[in-house]
Amino acid sequence: MSNQSPLPLCLARLFAGLAFSISCSITASASDSAPATAAEFAPGSGVAVAGSVAHSGFAAAGNSAAPIDPAPARPQGALFRIARDGEMAYLFGTIHVGARSFYPLAPQVSRALADSSQLVLELDTRANGAFELAVRKHASYPAGDHIRNHVSPDTLRRLTAALHAVGIPLSGVGHMKPWLLANMLIGIELERSGFQRTHGNESFLLDTVQARGARLVELESADYQLSLFDTLGDASAESYLREALDDLSSGMSLKKARAVIDAWRSGDADALDALLTDTIGAGTVTSDFTRRTLLDRRNPEMAQRIEHIMKDGKVSFVGVGLLHVLGANGLPQLLSQRGYQVERLY
């Protein structure tokens, strides 16, 4: 067991993948006190929250300087080759935000992409319509309701202060649920530190394969991903928000973001295994939700879906959040149990 502090949930989803990263856009209406609409939280429109989650830059960002210096291409994350009875796929552990200096990816990834005829991602992060509907359904309170009815006065005070610090009045986002606001705030901090959705692995992979007309296949849907947060009742959702506020005020969210991104960039197996332990071993609402819902529930479903996709005979490049490919319940182990030969390329 690592002695490091647990990875904040919003950072865990950088790697556990809700590939839209519960992305949100802080638009003019939010800063003008008018309630933001679901359309303003579309994946292509603005703030992509580090928790796993959509495509594009943060409208509220102030500093876009990349936090890590450019380096020669080297193994990043983890890459596997999956094969059975003539079927083959590559499995790559991704992060959903990044910096220009993260590219190009390792030569092994480039070769795997060139060898593949279709790209498989958790979802299409550029499809706005489905995401807008999912936000209305799962991330917003019904008309007339407000977050003040679902959290304590102290939590509301802390949230209001955190929003004010980034120029957002509560009146503009008070109809949104605590988990979405938590993701939004951490996402803004990461964007201001130079980690952007536009430089996340999914964006790079989409650009690469779509330039040559390759097919995109989704493992999940926006509705399903946001529905996972329906399992958080008011008490757990408030704890989720308070933990995010704690991470922000202590500086832990950014510190841990840099640490886990360094682990991904290193491609070091021991460092990546330690990352998983730090993420799910803390016994908090954050770590329990990550383990129980984001990993243990989704990984078997993803493995089944990957098996179904591979049966079409096409070579697939599968990109999923990094935590999905780590540990005893990770996709490589689950696919091995289904009879596939799994080779770690790095």
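Tell me, yes or no, whether region 150-162 has at least one residue that is touching a strand residue (DSSP E or B) at 6+ places or on another chain (Cβ under 7 Å), touching a residue at least 60 places away in the same chain (Cβ under 8 Å) and surrounded by 21 or more Cβ atoms within 10 Å (Cβ to Cβ).
To start, the set of residues in region 150-162 that are touching a strand residue (DSSP E or B) at 6+ places or on another chain (Cβ under 7 Å) comprises none.
Checked against the condition, which is being touching a strand residue (DSSP E or B) at 6+ places or on another chain (Cβ under 7 Å), touching a residue at least 60 places away in the same chain (Cβ under 8 Å) and surrounded by 21 or more Cβ atoms within 10 Å (Cβ to Cβ), region 150-162 yields no hits at all.
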Quiz item: Is there a residue being in contact (Cβ under 8 Å) with a residue 60 or more places away in the chain and more than 22 Å from the chain's Cα centre (by Cα) anywhere in region 90-99?
Solution: no
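Check region 235-243 and report whether any residue there is over 23 Å from Gln76 (Cα atoms), assigned to a helix (DSSP H, G or I), at pLDDT 90 or above and basic (Lys, Arg). Don't jump to the end; show me each part of the working.
Start the filter on region 235-243 by keeping residues that are over 23 Å from Gln76 (Cα atoms), which leaves 235-243.
So of that shortlist, the ones also assigned to a helix (DSSP H, G or I) come out as 235-243.
Checking which are at pLDDT 90 or above leaves us with 235-243.
With basic (Lys, Arg) added as a condition, the list becomes 242.
Taking every residue of region 235-243 in turn, at least one turns out to be over 23 Å from Gln76 (Cα atoms), assigned to a helix (DSSP H, G or I), at pLDDT 90 or above and basic (Lys, Arg).
Can you name the residue in region 334-346 that is assigned to a loop (DSSP other than H, G, I, E, B) and of a type outside the set (Lys, Arg) and, of all such residues, is modelled with the lowest pLDDT? Don't jump to the end; show me each part of the working.
First, the residues of region 334-346 that are assigned to a loop (DSSP other than H, G, I, E, B): 338-340, 345-346.
Those left that are additionally of a type outside the set (Lys, Arg): 339-340, 345-346.
Numbers: Gly339: 98, Tyr340: 98, Leu345: 95, Tyr346: 90.
Checking each candidate, the answer is Tyr346.
Quick check: anything in region 218-232 under 16 Å from the mean Cα position of the chain (by Cα) and under 21 Å from Ser152 (Cα atoms)? Even if it seems obvious, please write down each step before you answer.
Narrowing region 218-232 to residues under 16 Å from the mean Cα position of the chain (by Cα): 218-229.
This time we only want the ones that are under 21 Å from Ser152 (Cα atoms), so: 229.
Yes, region 218-232 contains a residue that is under 16 Å from the mean Cα position of the chain (by Cα) and under 21 Å from Ser152 (Cα atoms).
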Practice problem: Considering only residues that are closer than 28 Å to Asp312 by Cβ and basic (Lys, Arg), look in region 178-228 and name the one that is surrounded by the most Cβ atoms within 10 Å (Cβ to Cβ). | Solution: Arg215
Quiz item: Considering only residues of region 252-271 that are touching a Ser or Thr at 6+ places or on another chain (Cβ under 8 Å) and buried (at least 23 other Cβ atoms within 10 Å of the Cβ), which is modelled with the lowest pLDDT?
Solution: Lys256
Quiz item: Picking from Arg157, Arg212, which residue would you name as being of a type in the set (Lys, Arg) and either under 28 Å from Asp246 (Cβ atoms) or in a helix (DSSP H, G or I) (or both)?
Solution: Arg157
Quiz item: If you scan region 192-217, which residues turn out to be touching a residue at least 40 places away in the same chain (Cβ under 8 Å) and of a type in the set (Asp, Glu)?
Solution: Glu202
Self-check item: Of all residues making up region 134-149, the number that are more than 19 Å from Gly233 (Cβ to Cβ) and in contact (Cβ under 8 Å) with a residue 40 or more places away in the chain
Solution: 3
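Are any residues in region 217-234 touching a helix residue (DSSP H, G or I) at 6+ places or on another chain (Cβ under 8 Å) and either part of a helix (DSSP H, G or I) or farther than 20 Å from Arg298 by Cα (or both), and if so, which ones?
Within region 217-234, the subset touching a helix residue (DSSP H, G or I) at 6+ places or on another chain (Cβ under 8 Å) is 217, 219-223, 225-232.
Those that are touching a helix residue (DSSP H, G or I) at 6+ places or on another chain (Cβ under 8 Å) and either part of a helix (DSSP H, G or I) or farther than 20 Å from Arg298 by Cα (or both): Ala222, Asp223, Gln225, Leu226, Ser227, Leu228, Phe229, Asp230, Thr231.
Can you find a residue in region 315-333 that is modelled with pLDDT of 85 or more, surrounded by fewer than 18 Cβ atoms within 10 Å (Cβ to Cβ) and part of a helix (DSSP H, G or I)? Please lay out each step first, then the result.
Of region 315-333, the ones modelled with pLDDT of 85 or more are 315-333.
Filter once more, so that each one left must be surrounded by fewer than 18 Cβ atoms within 10 Å (Cβ to Cβ): 315, 328-329, 333.
Remaining after also requiring part of a helix (DSSP H, G or I): 333.
For region 315-333, residues modelled with pLDDT of 85 or more, surrounded by fewer than 18 Cβ atoms within 10 Å (Cβ to Cβ) and part of a helix (DSSP H, G or I): present.
The values are calculated or read from the model by the stated rules, or taken from the named source; none is laboratory data. Being a predicted model, the structure only gives us computed values, none of them experimental. Here the Cβ is made from the backbone with ideal geometry for all residues, glycine too, and neighbour counts use every protein chain on show.
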